[in-house]
1. If we keep just the residues of region 91-105 that are farther than 15 Å from Gly21 by Cα, at pLDDT below 95 and in a helix (DSSP H, G or I), which is most open to solvent (accessible area, probe 1.4 Å)?
2. I'd like the full set of residues that are in a helix (DSSP H, G or I) and touching an Asp or Glu at 6+ places or on another chain (Cβ under 9 Å), limited to region 258-270.
3. Among the residues of region 242-257 satisfying the criterion of being in contact with a strand residue (DSSP E or B) (Cβ under 9 Å, 6 or more places away or on another chain) and either in a loop (DSSP other than H, G, I, E, B) or within 16 Å of Leu223 (Cβ to Cβ) (or both), which is most open to solvent (accessible area, probe 1.4 Å)?
4. Note down all Cβ pairs under 6 Å where the first residue falls in region 258-270 and is without any contact (Cβ under 8 Å) to a residue 40 or more places away in the chain, the second is part of a helix (DSSP H, G or I) and not aliphatic (A, V, I, L, M), and they're at least six residues apart or on different chains.
5. I need the full set of residues from region 122-133 which are modelled with pLDDT under 90 and assigned to a loop (DSSP other than H, G, I, E, B), in order please.
6. Just the residues that are assigned to a loop (DSSP other than H, G, I, E, B) and either surrounded by 18 or more Cβ atoms within 10 Å (Cβ to Cβ) or of a type in the set (Ser, Thr, Tyr) (or both), please, taken from region 141-169.
7. For region 172-183, does any single residue satisfy the condition of being open to solvent by 40 Å² or more (accessible area, probe 1.4 Å) and among the hydrophobic types (A, V, I, L, M, F, W, C)?
8. Select from region 200-241 the residues that are open to solvent by less than 40 Å² (accessible area, probe 1.4 Å), part of a helix (DSSP H, G or I), in contact with a helix residue (DSSP H, G or I) (Cβ under 9 Å, 6 or more places away or on another chain) and not β-branched (Val, Ile, Thr) and list them in ascending order.
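The values are calculated or read from the model by the stated rules, or taken from the named source; none is laboratory data. Please read these numbers as outputs of a predicted model, since none were measured by experiment. All Cβ positions, even for glycine, are placed from backbone atoms using ideal geometry, and neighbour counts span all protein chains on display. Only protein heavy atoms, including side chains, enter the accessible area calculation; ligands, DNA and RNA are left aside. Shrake-Rupley method; radii C 1.70, N 1.55, O 1.52, S 1.80 Å.
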Amino acid sequence: MTYDDYLEGKPVIVTAALTGGVQGKETVPNLPETPEEIGAAARECERAGASIVHLHARRPNGERAFSTERFQEVTDAVRSSTDDLIVQHSTGGTAASDEVRAEPLRTDPTPDMASLDMGPLNRYAKLTSENTRELVDDLHAEILNRGIKPELEVFNGGHLNESLRIWEDLESPTYVNLVFGGGTTTIPHPRNLVTMVENLPAGTEFNILGFGPHQLPMTTQGLLLGGHVRVGLEDNRYYRHGEPAESNAQLVERAVRIANELERPVATPAEARSILGMD
């Protein structure tokens, strides 16, 4: 995708990252954690214009869960609460065995999509996600064997190199999520976003994710470059400086409003499936 795609008004896919696996209600009181809360949040985001929901699961005590059983409860709640949303499960995580990382792929039905971290990630003082090549390859193989559309999580330029290593094994169009923020993610600056996009192979569909205060400027620039956007409380708990976001839907509504102002029509779930080669 390119600036020409923006000029031609190519539809933009909006992903809502509802929950995440790190912060909880102690920092974001309105963060959905139970299957019922996540299902309700997904319904609100679908009505606001999201086509994809990126899902994590939580235990009853609020701690992150990786088990197939808990993901099944969450995805069942989402599917029963929404009309046609694309369900994307996270396979990312810290302090979890390689086998556990694959469990979110094994729900019935399988998720429509799954995130695939393409390399190591440090963001917090004591949290590291190793994402060895062996793990990436194992998750990639299971994703493909189960007929799930992968979203390659590219946290920095090295992760793009790792993505190119498996590029030929992916069905076209390849979908890449470019991540900007702190730690070992790409430094959030407009020139770095342009550089990352320019390094993508032709025909790549890309999404932009900015953590915290970088969510709004990075996603807006992504719209101008013909990309898709991800917003939500997983990545950003503020609507503006000093003002906590009311809900995931509020962040989706703003992304949709900006896309409309920039004359990028917002993709329906059916259109998103077509754009990503999932129909």
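1. Glu99
2. Taking region 258-270 and keeping what is in a helix (DSSP H, G or I), we get 258-261, 269-270.
If the condition is that a residue be in a helix (DSSP H, G or I) and touching an Asp or Glu at 6+ places or on another chain (Cβ under 9 Å), then Pro269, Ala270 are the ones that fit.
3. Going through region 242-257, the residues in contact with a strand residue (DSSP E or B) (Cβ under 9 Å, 6 or more places away or on another chain) turn out to be 244-246, 248-252, 254-256.
With either in a loop (DSSP other than H, G, I, E, B) or within 16 Å of Leu223 (Cβ to Cβ) (or both) added as a condition, the list becomes 245-246, 251-252, 254-256.
Values: Ala245: 6, Glu246: 132, Leu251: 3, Val252: 0, Arg254: 27, Ala255: 14, Val256: 21 Å².
Ranking the candidates gives Glu246 first.
4. Sorted first by the residue in region 258-270, then by its partner, the pairs are Ile258/Thr220.
5. Applying the first criterion (modelled with pLDDT under 90) to region 122-133 yields 122-130.
Selection gives Ala125, Lys126, Glu130.
6. To start, the set of residues in region 141-169 that are assigned to a loop (DSSP other than H, G, I, E, B) comprises 146-148, 155-156, 166.
Within region 141-169, Ile148, Phe155, Asn156, Ile166 meet the criteria.
7. Checked region 172-183: no residue is open to solvent by 40 Å² or more (accessible area, probe 1.4 Å) and among the hydrophobic types (A, V, I, L, M, F, W, C).
8. Selection gives Gln215, Met218, Gln221, Gly222, Leu223.
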